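Everything on this sheet refers to the single structure shown next.
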Amino acid sequence: MARNERRGPRLDQPLERGRNLRPTVDSEVAGRVSERVARFIGSWRFLGYMTFVVFGWLAWNIFAPSDLRVDAFPFLFLTLCLSLQASYAAPLILLAQNRQADRERAVLQDDRDRTARLMADSDFLTREIASLRLALGEVVTRDYLRGEIRDLLEEFKDIQNVDKKDDSETS
């Protein structure tokens, strides 16, 4: 039997997975949807819509003819609908908050990294400036050089004056 004809799993290749019957959900898409829903639920527009629907529901079920009313006085169906809406809204809001917290955590980490790089750069520049100052301490400055030249010129003038006096006395 040849090597290539051998049956069975090969160790150098990944196993083939069977079909997965569970639906797959892209967490990024689900997160974006949850953020959009949470943003809408937290808006004044949504509060206005909900207020309009609740008051309309109450007005219809109080003032409409009794054979056309959908929900009697305790308004159990309205309570059920509001509870259902709240039970879906709470997890969506929590998902959106978790995504926002993850984004803020990533931004904070990026800020920390940037701050660490800036601190390292400023430490490096501080050391470089200190070394330049030490090196410049050994270099002659312009003012010092001018003062030395001025002193030398005065000495030459004094020497010339002394030489002129000596020449005048000898003659």
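Key figures for this structure:
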| read-out | value |
| --- | --- |
| Simple spin-label estimate for A116 and Q97 in nanometres, 7 Å along Cα-Cβ | 3.0 nm |
| Residue-averaged 222 nm ellipticity for the chain, from DSSP H runs of 4+ at -39500 (n - 2.57), nearest 500 | -26500 deg cm²/dmol |
| Cα-centre dipole for the chain with unit charges at Cβ (Lys and Arg positive, Asp and Glu negative), debye to 20 | 2200 debye |
| Sites excluded, trypsin sites (Lys or Arg not before Pro) in DSSP loops with at most 12 other C-beta within 10 Å, longest stretch of the chain | 20-171 |
| Local electrostatic count at L78 - Lys and Arg +1, Asp and Glu -1, tallied over other residues with Cβ under 15 Å | 0 |
| Computed label-point distance, nm, for sites L125 and A30 using a 7 Å Cα→Cβ extension | 4.7 nm |
| Karplus (6.51, -1.76, 1.60) ³J(HN,Hα), θ = phi - 60°, over segment 77-83, in Hz, Gly and Pro reported as x | 5, 4, 4, 5, 5, 5, 5 |
| Inter-label distance, nm, simple model (7 Å from Cα along the C-beta direction), K164/E104 | 8.6 nm |
| Between segment 72-117 and segment 19-64, the alpha-carbon center distance in angstrom | 13 Å |
| Choice from L118, L47, L21 with maximal GNM fluctuation in the chain (Cα, 10 Å cutoff) | L21 |
| Residue-by-residue Karplus 3J(HN,Hα) for segment 23-32, coefficients 6.51, -1.76, 1.60, Hz, glycine and proline x | x, 9, 10, 6, 5, 5, 5, 4, x, 5 |
| Sparse-neighbourhood loop sites, GluC sites (Glu not before Pro) in segment 68-171 - DSSP loop, at most 15 other Cβ within 10 angstrom | E138 |
| Positive minus negative residues near S34 (Lys, Arg vs Asp, Glu; Cβ under 14 Å) | +1 |
| Read-out mean projected area of the Cα convex hull in nm², derived from the coordinates shown; its label in [x] 10.2; [y] 13.2; [z] 35.7 | [z] |
| Among P74, P91, P23: highest mean-square fluctuation, GNM of the chain, C-alpha pairs under 10 Å | P23 |
| Förster-model FRET efficiency, 22 Å R0, Y49 and F77, C-beta, rounded to 0.05 | 0.75 |
| For I62, net neighbour charge (Lys/Arg +1, Asp/Glu -1) across residues whose Cβ lies under 14 Å away | 0 |
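Laboratory data are not the source of any read-out in this text; all were calculated from the coordinates shown. These numbers come from a predicted model, not from an experiment. Cβ sites come from the backbone with ideal geometry, for glycine too, and all protein chains shown count toward neighbours.
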